[in-house]
Amino acid sequence: MRRLIIAGNWKMNKSVTESMELARKLKMKLLGEADLIIIVCPPFVSLQPLAELLKGGNIHLGAQNMYWEEQGAFTGEISPKMLLSIGVEYVILGHSERRKYFGETDETVNKKIKKALELGLKPIVCIGETLEQREEGKTLEVLERQLTEGLKEVEIDDPFNIVIAYEPIWAIGTGRNATPEQAQEAHHFIRELLGKIYGAEKAEGLTLQYGGSVKPDNARDLLIQEDVDGALVGGASLDTFNFSSIIESGKEVFQKKPCYHY
Ligand code: PGA
């Protein structure tokens, strides 16, 4: 059995006050949604107020990054223990913006994944190719490298503890989403590769999210794909109507795909 997960990556948007306003609206609107897992990932400063605000609802909380040490002289960094202590459950790791602007590599992503899992934070691991790599026919090669390096010596005891997000870089924030066929091809490849590493049963249980210009009008067609188990939503997650419309598509798809029911 797999889980369908819709997560909102707010990136560096929304003040604490604005974050609370958006979270309050989402909490009210999404109360009672039982089938899917819904996550919001606000900036660090909003995590604690949102942890309080979201109590009693069904929206889970994620951070956008963390460091791989638990504490110490690492100015400016946030430790996984700090996140756990305020009720954060998920953490986005290896987002392409972190790789591009902040020098993250498969190696640093690997360290972070290991530490997150060790302490009980659930990583949402982002992988994806650039437009140039896609045009050169290197997409699957890039995904394979990012996955095998990122997950090097990573044990997965329970597939519910980790999420893989396929996010083609050319689709992020561009309004140009991958076609459902392109998403399915990449997701199928990822699941097969994970099957080789962890065995087919575990791979079947892993949630593979798609990310990159997911909007209310394309969410259903992407989510209905056999190996697409959710979405990591950037821009559209900043608006209550758009985010909840995407969740509606998720609900519809949940009813139609047998992999979520056993
Ligand atoms: P986008 O961002 O939905 O704005 O394209 C997705 C992401 O970066 O996770």
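We did not get these values from a lab; they are worked out from the coordinates using the rules stated. Because the structure is a prediction, the values reported are computed rather than measured. Virtual Cβ from ideal backbone geometry, glycine too; neighbours counted across all protein chains shown.
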Exercise. Are there GluC sites (Glu not before Pro) in the stretch 7-69 that DSSP puts in a loop and that have at most 15 other Cβ atoms within 10 Å, and which ones?
Worked result: E69
Exercise. Of A73, S19, V109, whose Cα points farthest to the positive end of the dipole of the stretch 1-128 (charges on the beta-carbon: +1 Lys, Arg; -1 Asp, Glu; origin at the Cα centre)?
Worked result: S19
For this session: Would you give the gap between the C-alpha center of the stretch 178-219 and the C-alpha center of the stretch 1-79, rounded to a whole Å?
Result: 23 Å
For this session: Kindly provide log₁₀ I(q)/I(0) values, in the same order as q = 0.10, 0.19, 0.27 Å⁻¹, from the Debye equation applied to equal alpha-carbon scatterers of the stretch 28-106.
Result: -0.28, -0.87, -1.33
Seminar exercise, completed: Using alpha-carbon coordinates alone, the radius of gyration and Dmax of the chain in Å work out to 17.0, 50
Exercise. What 222 nm value per residue comes from the helices of the chain, counting each DSSP H run with n ≥ 4 as -39,500 (n - 2.57) and dividing by all residues, nearest 500 deg cm²/dmol?
Worked result: -13000 deg cm²/dmol
Seminar exercise, completed: Counting only DSSP loop positions in the stretch 6-91, the chymotrypsin sites (Phe, Trp or Tyr not before Pro) whose Cβ has at most 16 other Cβ atoms within 10 Å are F74
Exercise. So what are the stretch 1-137's ellipsoid semi-axes, whole angstrom, largest first, if each one is the square root of 5 times an eigenvalue of the alpha-carbon gyration tensor?
Worked result: 25, 19, 15
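I want the local charge near L50. Using Cβ-Cβ distances under 13 Å, sum +1 for each Lys or Arg and -1 for each Asp or Glu among the other residues. Show your work: numbers first, answer last.
Numbers: positive: K14, R24, K25, K27, K55; negative: E18, E21, E52, E89.
In short, +1.
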Exercise. Are there GluC sites (Glu not before Pro) in the stretch 98-202 that DSSP puts in a loop and that have at most 14 other Cβ atoms within 10 Å, and which ones?
Worked result: E136, E153, E155
Problem set entry | Cβ-based exposure ranking for L4, L147, in which fewest neighbours within 10 Å come first | L147, L4
Exercise. Within straight cross-link reach of K115, meaning Cα distance under 14 Å, which aspartates and glutamates are found once same-chain residues fewer than 8 apart are removed?
Worked result: E69, E70, E89, E107, E153, E155
For this session: For T105, put the label point 7 Å out on the Cα→Cβ axis and report which residues of the stretch 145-161 keep their amide N under 15 Å from it.
Result: 146, 149-152
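Suppose a student asked you for the relative contact order of the stretch 23-108, using Cα pairs under 8 Å spaced at least 6 residues apart; what percent would you report? Please report the intermediate quantities before stating the final value.
Numbers: 101 pairs, mean separation 22.4, N = 86.
This gives 26 percent for the stretch 23-108.
Over the stretch 107-261, what is the relative contact order in percent, taking alpha-carbon pairs closer than 8 angstrom and at least six residues apart?
20 percent
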For this session: Please report, in whole Å, how far the alpha carbons of the stretch 59-196 spread along each principal axis, starting with the longest.
Result: 43, 31, 30
For this session: Return a whole-number percent for the relative contact order of the chain, with Cα pairs under 8 Å and 6 or more residues apart as the contact set.
Result: 22 percent
Problem set entry | lysines whose Cα lies under 20 Å from that of K251, excluding same-chain neighbours fewer than 8 positions away | K25, K27, K29, K215
